[in-house]
Amino acid sequence: MQVTTKKISVLLRPGTKEDIPELVKHFSSMRVHMYTQGLFGQTLENELEWYDKTRSSQEGCTWFIQPQGSKVAIGVTSLHKIDTWDGGCSSGIIIWDTNWWGKGVASAAHLARTLFAADFLNKYSIRSSVREDNQASRKALEKVGYTVWGTEPVDAYRSGKWIKTHQLKWFRPDKHQFYFPDGLPELFTPGVARAKIALQTARQVVEFI
Ligand SMILES: CC(C)(COP(=O)(O)OP(=O)(O)OC[C@H]1O[C@@H](n2cnc3c(N)ncnc32)[C@H](O)[C@@H]1OP(=O)(O)O)[C@@H](O)C(=O)NCCC(=O)NCCS
């Protein structure tokens, strides 16, 4: 998928083995992993194992993110648990090259990923989670319609203190009745309105190539 916003154009493409050394180079950074589930730098062998597992997995789909102007992938974004019975899945993103932070890469990638979940996987909901201090990630998710519905205390330990994790949920605007036959809870109303706009935008700006 090629997604072009006012800020940036990014390609979401399958990974190759040749992408993995670049990933490994950046994955040893604690700056990158401050708010992820990871804590340790990974070896090439570990990441090649991850690559092999991921490429043959039926439970999720993973795209490598390559912005226009970069010769290499600078991050990865995924939908997981796409094989469940509940109409939902979960999502995650890591932009490992910090030079590309704050340039709209996640915002663009989320448009494409959300569109794919809704219009191709026929998903009705998406789960995600974000560390409390990770404002850029929370903002990027909220912009495409995710809503924080709860916060887990003492969920990770970083820089000598416990940090909280927000839990988020995205509901597809035309399908939330599947989960809420008695009406959409007020908490989710603004998020679903944002999701509607995000999907409309994505259908304009995401190109399948
Ligand atoms: C978090 C992460 C995905 C954000 O990606 P990004 O491409 O830098 O995000 P964007 O540039 O699309 O920015 C998203 C929004 O956050 C804002 N933002 C960017 N950096 C910010 C910061 N440091 N603090 C607050 N807001 C910030 C942007 O302005 C934008 O909002 P806007 O469209 O209203 O201007 C990226 O930094 C990353 O991969 N970090 C390491 C791994 C990680 O934390 N993954 C997410 C785990 S949940």
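The values are calculated or read from the model by the stated rules, or taken from the named source; none is laboratory data. Everything numeric here is computed off the predicted structure, so don't read it as measured data. Here Cβ is always computed from backbone atoms with ideal geometry, including for glycine, and neighbour counts include all displayed protein chains.
What to note about this one:
- Close pairs from region 14-43: first in a helix (DSSP H, G or I), partner among the small types (Gly, Ala, Ser) and near the ligand (Cβ under 10 Å from one of its atoms), Cβ under 8 Å, at least 6 apart: 27/38
- For beta carbons closer than 8 Å, sequence separation of 6+ or different chains, a first residue in region 83-101 that is closer than 23 Å to residue 120 by Cα and a second that is assigned to a loop (DSSP other than H, G, I, E, B) and within 7 Å of the ligand (Cβ to nearest atom), the qualifying pairs are 94/36.
- Tally of residues being charged (D, E, K, R) and in contact (Cβ under 8 Å) with a residue 12 or more places away in the chain across region 165-193: 3
- Residue that is charged (D, E, K, R), in a strand (DSSP E or B) and surrounded by fewer than 16 Cβ atoms within 10 Å (Cβ to Cβ), where the choices are 196, 169, 164: 164
- Residues (loosely packed, with under 14 Cβ neighbours inside 10 Å and either on the phi > 0 side of the Ramachandran plot or within 13 Å of the ligand (Cβ to nearest atom) (or both)) located in region 109-132: 122
- Residue that is surrounded by the most Cβ atoms within 10 Å (Cβ to Cβ), among those in region 83-99 that are within 13 Å of the ligand (Cβ to nearest atom) and hydrophobic (A, V, I, L, M, F, W, C): 95
- Residue within region 100-108 that is buried (at least 24 other Cβ atoms within 10 Å of the Cβ) and either assigned to a loop (DSSP other than H, G, I, E, B) or within 6 Å of the ligand (Cβ to nearest atom) (or both) present: yes
Matching residues to (1) within 13 Å of the ligand (Cβ to nearest atom); (2) touching a Pro at 6+ places or on another chain (Cβ under 7 Å); (3) closer than 16 Å to residue 93 by Cβ:
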{"site": "45", "(1), (2), (3)": "no, no, no"}
{"site": "50", "(1), (2), (3)": "no, no, yes"}
{"site": "54", "(1), (2), (3)": "no, no, yes"}
{"site": "57", "(1), (2), (3)": "no, no, no"}
{"site": "68", "(1), (2), (3)": "no, no, no"}
{"site": "71", "(1), (2), (3)": "no, no, no"}
{"site": "78", "(1), (2), (3)": "yes, no, yes"}
{"site": "81", "(1), (2), (3)": "no, no, yes"}
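- Test: residue in region 98-119 that is under 30 Å from residue 180 (Cβ atoms), modelled with pLDDT under 95 and not hydrophobic (A, V, I, L, M, F, W, C): no
- Looking only at residues of region 21-39 that are among the hydrophobic types (A, V, I, L, M, F, W, C), more than 11 Å from the ligand (Cβ to nearest atom) and over 14 Å from residue 156 (Cα atoms), we find that the one that is nearest to the chain's Cα centre (by Cα) is 23.
- Any hit, region 5-17, residues being out of contact with any helix residue (DSSP H, G or I) (no Cβ under 6 Å at 6 or more places or on another chain), of a type in the set (Ser, Thr, Tyr) and over 27 Å from residue 179 (Cβ atoms): yes
- Lone unmet requirement of (1) without any contact (Cβ under 8 Å) to a residue 40 or more places away in the chain; (2) more than 13 Å from the ligand (Cβ to nearest atom); (3) in contact with a helix residue (DSSP H, G or I) (Cβ under 9 Å, 6 or more places away or on another chain) for residue 136: (2)
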